[in-house]
Amino acid sequence: MEQRHLGRTGLRVSRIGLGTLTWGRDTDEHDAADQLKSFWEAGGTLVDTADVYSGGEAEYLLGQLVERLVPRRDLIIATKAGSVRDPYRRFDGSRGHLLAALDASLDRLGTDYVDLWQVHAYDTETPLEETLHALDLAVSSGRARYAGVSNYCGWQLAKAATWQLASPGIRTRLASTQMEYSLLQRGVEREVLPAAIDLGVGLLPSSPLGRGVLTGKYRHTTPPDSRGASAQMAPFVEPYLDEAASRIVDAVATAAEGLATTPLAVALAWIRDRPGVTAPIIGARNAQQLTAALSVESLSLPDEICQALDDVSAPVHRYPDQDWSTL
């Protein structure tokens, strides 16, 4: 699998990442082991998790599989901290919480360091410089090799990345930002993506297949074994089952038919090769689904197909997100 630099850093990662959102909950140890081995054998290196995935079980399960199945040196392990289960706040970006969460993640993962440590979301109740100082401490102590953020809007990302760049050699530059991005969700193109490109921050798209909808599996019905049929995951899928999404999915299916491939491959190849994207993060239920996603490595979409998909899924950009002189 092709490797790409993560943002403006020396870290190289596979251009498809493996997500672990459902590990330890819907994905058991056997399926997780099959996924990790298939991913590694295909040349994949970037494995993304978080301290809150399945209440920590995703990290623990990954830690049990590393070394036993795949050498630690062959993986780029990324995790996140900052989401909390607190009735009074969703995110805690305080230095104390973040560093304690990192230590707990390292313990569950069974490793001395993570390759990429990400702040899961912006915390409005903590000064940004305090949150970013936790990243500096994690890197300077060797517990994290690189640092990034997740779910930061445009101004938040620009402020954070610029703050870190203001003191090179003292503060660690942001390597990445992880955001939802797909043909069904192109909101990051307004401000987040331009800021990331300008500041040398690599984008790691989550839900690159539109929460599974872009595979075409929901075009005519809801498969009983799909996430859309799960009581827990149905609300996650439902927003992308409207008429506007249906038009985009139909266009993807038409392109796939013309290219003699699958809608999954078309949608994933489109997002993988977007400007500023380093590696879409794929969350599969089993090794078969993951293998289908990894087969996209050999596919590059013709310019005409990319343009057609761009047109049918184009988000509305108005003032001030668009150059004012053209309005």
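The alpha carbons of the range 89-228 give a radius of gyration and a Dmax of 17.0, 55 Å, in that order. Highest average first, the peptides 107-116, 149-158 ordered by how many other beta carbon atoms sit within 10 Å of their residues are 149-158, 107-116. Roughly how many whole Å is it from the C-alpha centroid of the range 56-103 to that of the range 177-247? Distance between centres, Cα-based: 23 Å.
Ordering of 44-54, 280-290 by packing is 44-54, 280-290, highest average first (other Cβ atoms within 10 Å, averaged per residue). Nonpolar atom fraction for the range 1-102, defined as the carbon and sulfur part of the 1.4 Å probe accessible area, stands at 46 percent.
Surface composition of the range 124-222: carbon plus sulfur atoms hold 52% of the accessible area, using a 1.4 angstrom probe and ignoring ligands, DNA and RNA. Accessible area per residue for the range 76-127 is 45 Å², calculated with a 1.4 Å probe on protein heavy atoms, without ligands, DNA or RNA.
Mean-square fluctuations from a GNM of the chain, with a 10 angstrom spring cutoff on Cα atoms, peak among Asp303, Asp28, Asp250 at Asp303. Taking all Cα pairs closer than 8 Å and separated by 6 or more residues, the relative contact order of the chain comes to 18 percent.
Highest mean packing first, where packing is the average number of other Cβ atoms within 10 Å per residue, the peptides 178-184, 304-310, 99-105 line up as 178-184, 99-105, 304-310. Surface analysis of the range 246-303 yields an accessible area of 40 Å² per residue, using protein heavy atoms and a 1.4 Å probe.
Surface calculation, 1.4 Å probe, protein heavy atoms: Ile197 sits at approximately 90 Å² accessible.
A cut-off of 5 Å between modelled amide H atoms, ignoring neighbours fewer than 5 places along the same chain, links Ile282 with Gly17, Leu18, Gly19. Per-residue Karplus couplings for the range 37-44, computed as 6.51 cos²θ - 1.76 cosθ + 1.60 with θ equal to phi - 60°, are listed in order as 5, 4, 4, 5, 5, 7, x, x Hz, Gly and Pro entered as x.
In the chain, the DSSP-assigned H stretches of four residues or longer account for a calculated mean residue ellipticity at 222 nm of -11000 deg cm²/dmol, using -39500 (n - 2.57) per stretch and the full residue count as denominator.
The values are calculated or read from the model by the stated rules, or taken from the named source; none is laboratory data. Computed from a predicted structure; not experimentally measured. Ideal geometry is used to build each Cβ from the backbone, glycine not excepted, and the neighbour counts take in all protein chains shown. Heavy atoms of the whole protein, side chains included, go into the accessibility calculation; ligands, DNA and RNA do not. Shrake-Rupley method; radii C 1.70, N 1.55, O 1.52, S 1.80 Å.
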